[in-house]
Amino acid sequence: MIDINVHAITELQRETVVRWHDEQIGNPYDGFLAAVCRQHEQNFRLWHQEDLARSRDVSEAMLAEVKRQIDRLNQCRNDLIEELDVLLLEELAAAGVTSAPGARLNTETPGSVIDRLSILALRIYHMEEQAARPDADASHRHQAHDRLEILRQQHCDLSTSLAELLEDIFAGQRLLKVYRQMKMYNDPTLNPYLHGVERNRAA
């Protein structure tokens, strides 16, 4: 059975953000944590591609490729959010958990919350960098410290909420569904600019 430990999830996200800035990206984890790491990797790569996309030194050709890479990473990120929820559903079935009568849905799934925690881990790391910048003035560092405290509180609140949500789900008090996001932009059968309808219409 999968042990869904929220502290293990957030420690993985925190530790890998630090490690991946100095070493190659790797995934030494097993089971559910391996899936968490795969999803977290997409956010890590996205963060740095987004920074690159805003650089004034990037050529138009490189910018176009960066935008396509962001598109691919975001698609994979969303697919892996869904994968996390699928794994949880499989675990619920294996454990024989059934929802109690009247059990309600949450506004977002555990996979979505794990994604938000991943992004918060990245924000905290980079805000810590700003708070310690030796080339920045005291006002900049002070503002970064203030924002860092807010981010840490948000992370604490969200971690607690995820633990409570998982506890309710595994107790049968909350329903879990996989919400397919049905992204259309990368599907050549759905995006008119990929299957040629818009080009033909324009002509």
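Of all residues in the range 97-130, those that are at pLDDT 95 or above and of a type in the set (A, V, I, L, M, F, W, C) total 9. Does at least one position in the range 60-72 carry a residue that is crowded, with 19+ Cβ neighbours inside 10 Å and of a type outside the set (A, V, I, L, M)? No, the range 60-72 has no match at all. When the test is whether a residue is surrounded by 14 or more Cβ atoms within 10 Å (Cβ to Cβ), in a loop (DSSP other than H, G, I, E, B) and out of contact with any strand residue (DSSP E or B) (no Cβ under 9 Å at 6 or more places or on another chain), residue 36 does not pass it. In the set 23, 65, 41, only one residue is within 19 Å of residue 118 (Cβ to Cβ) and not in a loop (DSSP other than H, G, I, E, B); that residue is 41. Pairing each residue of the range 103-115 that is free of Cβ contacts under 8 Å to residues at least 12 places away in the same chain with any residue that is outside any helix (DSSP H, G or I), provided the two are 6+ apart or on different chains, yields C-beta distances under 9 Å for 108/179.
Filter the range 85-120 down to the residues that are in a loop (DSSP other than H, G, I, E, B) and not β-branched (Val, Ile, Thr) and list them by number. Correct list: 95, 96, 99, 100, 101, 102, 103, 106, 108. The set of residues in the range 13-40 being in contact with a Ser or Thr (Cβ under 9 Å, 6 or more places away or on another chain) and either under 15 Å from residue 111 (Cβ atoms) or among the basic types (Lys, Arg) (or both) consists of 13, 36, 37, 39, 40.
Scanning for something buried (at least 19 other Cβ atoms within 10 Å of the Cβ), among the acidic types (Asp, Glu) and within 21 Å of residue 157 (Cα to Cα), does the range 104-122 turn up at least one residue? Checked against the condition, which is being buried (at least 19 other Cβ atoms within 10 Å of the Cβ), among the acidic types (Asp, Glu) and within 21 Å of residue 157 (Cα to Cα), the range 104-122 yields at least one hit.
Out of curiosity, is residue 81 β-branched (Val, Ile, Thr), part of a helix (DSSP H, G or I), out of contact with any Ser or Thr (no Cβ under 9 Å at 6 or more places or on another chain) and within 21 Å of residue 47 (Cβ to Cβ)? So residue 81 does not fit the description; no.
The values are calculated or read from the model by the stated rules, or taken from the named source; none is laboratory data. Please read these numbers as outputs of a predicted model, since none were measured by experiment. Every residue, glycine among them, receives a Cβ derived from its backbone with ideal geometry; neighbour counts consider all protein chains shown.
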